[in-house]
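Structure first, commentary second.
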Amino acid sequence: MTFSELANFIWSVADLLRGDYKRADYGKIILPFTLLRRLECVLEPTKAKVFGGRPPARRLQARRLRQDYPALHPPAPLGVRARAH
């Protein structure tokens, strides 16, 4: 596959993914997500050190909500063990 064929293939896939977005707006949506993914990949080796073994904030927030508002979170069905957090 030549460079030109590869470029055309990539652009055809991009056009399919773009869907209802106008060509001018596509970059405003894809570029930020591309940058975030790139940062995630680059920072992956230091992720464990940064979190220091702690769960991500999402899990901490969910745990606090369960503790503060137990009525909103029914108990697990019988026979299902609670996950260790």
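The values are calculated or read from the model by the stated rules, or taken from the named source; none is laboratory data. For clarity, every value in this text was computed on a predicted model and none was experimentally measured. As a convention, Cβ positions derive from the backbone with ideal geometry for all residues, glycine included, and neighbour counts pool all protein chains shown.
Within region 43-57, no residue that is part of a helix (DSSP H, G or I) and among the charged types (D, E, K, R) sits with its Cβ atom under 7 Å from a residue that is surrounded by 10 or more Cβ atoms within 10 Å (Cβ to Cβ) and at pLDDT below 75 at 6+ positions apart or across chains. Could we say that Ala7 is surrounded by 10 or more Cβ atoms within 10 Å (Cβ to Cβ) and either at pLDDT 80 or above or on the phi > 0 side of the Ramachandran plot (or both) here? Yes. Within region 19-35, being loosely packed, with under 10 Cβ neighbours inside 10 Å and either outside any helix (DSSP H, G or I) or within 13 Å of the chain's Cα centre (by Cα) (or both) holds for Gly19, Asp20, Lys22, Phe33.
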